[in-house]
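Report on the following structure.
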Amino acid sequence: MAPVTPDFSQLNYLAKGSATQKAAYLAIIASNVFGLLEQYTPLLVGTLPLDLFTPYSDLDVLCYAPVPDTFATFVQQHFNGQQDFSLSRKKVNGIDTVIARFSSHGYLFEIFTQPIPPHRQVAYRHLLAEYTLLH
């Protein structure tokens with residue numbers, strides 16, 4: 001029988017997880033990154049949801065922005081003052097992508113944004129496959 005996959009779209013599963021997940025959850029809430037990005041449907045993927053987080057990991061956040069230029073302007077306005085802020089644009093698998101990076105509350109955040117809903121992005125499908133393999 002396949003494991004029941006957590007609802008990764010709701011961050012509260014982290015508050016019930018390992019000590020590492022709980023600490024990162026508190027930093028995510030304190031930084032208000034998800035609150036600021038709410039209109040872009042933020043979704044946490046990567047190592048933290050799988051409890052494989054290391055000191056070298058970042059907090060990978062997928063977002064949906066149908067107009068990449070609008071999102072790039074939004075991110076510049078809201079996160080430019082954060083430590084180690086950077087913003088880049090590139091094509092990933094032929095899709096216009098905006099990537100923002102910055103540090104907040106002791107964690108490195110990477111916001112990966114495409115004009116595709118997060119639940120359909122490759123990184124989310126990868127998260128689900130890894131979760132299934134690990135459980």
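Here are a few things to note about the model shown:
- Once backbone amide H atoms are built at 1.01 Å from N, residue 104 has 109 as its partners under 5 Å, excluding neighbours fewer than 5 places away on the same chain.
- Model label points for residue 52 and residue 128, set 7 angstrom from Cα along the Cα-to-Cβ axis, are 1.7 nm apart.
- For the range 1-55, Kirkwood radius (reciprocal of mean inverse C-alpha pair distance, Å): 12.0
- Of the solvent-accessible surface of the range 61-105, computed with a 1.4 Å probe over protein heavy atoms with every protein chain present, carbon and sulfur atoms account for 45 percent.
- Kirkwood Rh in Å, taken over all unlike Cα pairs in the range 59-132: 12.8
- Proximity of backbone amide H atoms, modeled 1.01 Å from N, is registered between residue 92 and 97 at under 5 Å, excluding neighbours fewer than 5 places apart on the same chain.
- 222 nm mean residue ellipticity, helices alone, for the chain (DSSP H n ≥ 4; -39,500 (n - 2.57); rounded to 500): -9500 deg cm²/dmol
- Summed over the residues of the chain and divided among them, the accessible surface reaches 55 Å² per residue at a probe radius of 1.4 Å.
- The chain: Cα Rg divided by the 2.2 N^0.38 Å rule of thumb: 1.02
- Local electrostatic count at residue 109 - Lys and Arg +1, Asp and Glu -1, tallied over other residues with Cβ under 14 Å: -3
- Between amide H atoms placed 1.01 Å from N, distances below 5 Å from residue 53 occur with no residue 5 or more places distant or on a separate chain.
The values are calculated or read from the model by the stated rules, or taken from the named source; none is laboratory data. Here the structure is a predicted model, which means the values were calculated and not measured. Counting neighbours? That spans all protein chains shown, and the Cβs are built from the backbone with ideal geometry, glycine included. Areas reflect the complete protein model, heavy atoms only, side chains present, ligands, DNA and RNA absent. Shrake-Rupley method; radii C 1.70, N 1.55, O 1.52, S 1.80 Å.
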